[in-house]
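This report refers to the structure that appears directly beneath it.
What follows draws every value from the coordinates through simple rules; no lab data is involved. This one's a predicted model, so the numbers in the text were calculated from it and none came from an experiment. Every residue, glycine among them, receives a Cβ derived from its backbone with ideal geometry; neighbour counts consider all protein chains shown.
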Amino acid sequence: MITKFVKITDNYNDLTEAAAILKNGGLVAFPTETVYGIGADGLNEKAVQNIFKAKGRPGDNPLILHVANIEAAGKAGEINKRAEMIFKVFSPGPVTVIVKKKNIVAPSVTAGLETVAIRIPSNRIARELILKSGVPVAAPSANLSGKPSPTSFEHVKDDLNGRVDMIIDGGAAEVGIESTVVDTTGTVPMILRPGKITYEQLKKILPDIIIEKHKSENETDYKPKSPGMKYKHYAPDAKVIVFENNKLIPKELEKLKDKKTAVFCSENSEYKADFILKWGTTAEDMARKMFWALREFDKMGAQVILCETPEKGGMGDSVRNRLYKSAGFDIRK
Ligand code: TXA
Ligand code: MG
């Protein structure tokens, strides 16, 4: 398949062709404020199945439906009081709500589950595309399954050129990590995936909210509520090691001196490695650059990537969640 590219700066009329592709059952990769997504008409079963093929995504891992407003969300799922509160306070924005699904949703979107994940993105291109297409847009992150999520047009092109009908270039993603996922269907609301909208923020409107406890992925009874959480994730070709104690990094670099080494660290750190990329000073900075850095180090030819960690709590924990997975839980304390 020949993939078309279109760059959108401020002329949203240029989205007409992209919207038509979606409406006709094709695949369009597009920017959101979190990461880029690969979209299809969420009411068209065949189109949705093609997303799984293009990404190489396991069929039991459900997708998020992207809509423009609460009214449209109500057509795809039953918006309960908790869901309504989350949408009213944090949407449009980087949060996804899980509610009971309505039958109109294509079966593959929910991977056969009775619930559906719905998000109202704030990115202007995403919003205009959804409105112009007139359909709820099913979209996972626009990476090949298992790879780091894409935060730029280049990343999407590297993974999906020839696999989708169109890729929209809308510049760098602002947040850099995927949306917070909240399940509102249980006895208490539960965060299944941390993100920019933090536990502390959600607790202000839903005081009984809890964070799903994740066991080590090696345990045989590991059954996360979010099917996607059990798969290998965010992995570059190089091996990743995460450091909760930066003092261990120089020693590890010494041990690895026969390998091509890379360090992803804060602005103020200095190391002797083959490649160094810096994220800035805050967890927000690190979120924005993390997936980019993992992909850059692969291009540079790094064999082992050593990562510092941001401060604990809030966005720091959301970043950690991704870092730990990309390292296959090789964490040094
Ligand atoms: O920021 C984002 O959420 C990005 C952009 C493109 O919107 N999308 C994204 O989609 O990260 P994806 O497919 O990479 O992650 C969706 C996550 C997966 O972990 C999936 O298992 C979970 O949401 N999920 C989807 N539907 C679910 C459901 N009904 N119950 C539990 N988990 C669900
Ligand atoms: Mg993903």
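Structure summary
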read-out: Packing rank of 123-136, 269-282, where each peptide gets the mean count of other beta carbons within 10 Å, highest leading; value: 123-136, 269-282
read-out: J(HN,Hα) series, segment 46-51, from Karplus relation 6.51 cos²θ - 1.76 cosθ + 1.60, nearest Hz, glycine and proline x; value: 5, 4, 5, 4, 5, 4
read-out: 16 Å Cα-Cα reach of Lys257 towards lysines, excluding residues that sit fewer than 8 places from it in its own chain; value: Lys239, Lys272
read-out: Alpha-carbon centroid distance for the pair segment 261-333 / segment 190-204, whole angstrom; value: 22 Å
read-out: Amide H within-cut-off set for Ile210, under 5 Å, with H built and near neighbours excluded; value: Met190, Ile191
read-out: Relative contact order (%) - criterion: Cα under 8 Å, at least six apart; region: the chain; value: 19 percent
read-out: Karplus (6.51, -1.76, 1.60) ³J(HN,Hα), θ = phi - 60°, over segment 303-317, in Hz, Gly and Pro reported as x; value: 9, 10, 10, 9, 10, 6, 10, x, 4, 7, x, x, 4, x, 6
read-out: Over 31 Å between alpha carbons, listed pairs Lys7/Lys299; Lys23/Lys299; Lys100/Lys132; Lys7/Lys81; Lys225/Lys312; value: Lys23/Lys299; Lys7/Lys81
read-out: Cα-based reach from Lys46 at 18 Å (exclusive), listing aspartates and glutamates while leaving out same-chain residues under 8 positions away; value: Asp60, Asp165
read-out: Simple Cβ-charge dipole of the chain, Lys/Arg +1 and Asp/Glu -1, about Cα centre, in debye nearest 20; value: 520 debye
read-out: Taking the C-alpha atoms of the chain, convex hull volume expressed per residue in Å³; value: 131 Å³
read-out: Value at 222 nm in deg cm²/dmol, rounded to 500, when DSSP H runs of n ≥ 4 in the chain each add -39,500 (n - 2.57); value: -9000 deg cm²/dmol
read-out: GNM result for the chain, Cα springs below 10 Å: residue of Val28, Val105, Val137 fluctuating most strongly; value: Val105
read-out: Tilt relative to the chain, helix 283-300 - C-alpha long axis, 0 to 90 degrees, to 10; value: 70 degrees
read-out: Cβ-placed point charges (K, R +1; D, E -1), dipole of segment 253-333 about Cα centre in debye, nearest 20; value: 260 debye
read-out: Karplus (6.51, -1.76, 1.60) ³J(HN,Hα), θ = phi - 60°, over segment 142-151, in Hz, Gly and Pro reported as x; value: 8, 10, 5, 3, x, 8, x, 5, x, 10
read-out: Which of Leu63, Pro31, Phe87, positive extreme of dipole for the chain (C-beta unit charges); value: Leu63
read-out: Rounded to the nearest 20 debye, dipole of segment 136-192 from Cβ charges on Lys, Arg, Asp, Glu; value: 140 debye
read-out: Sequence-distant residues sharing a close amide H with Gly77 (under 5 Å, placed H); value: Lys102
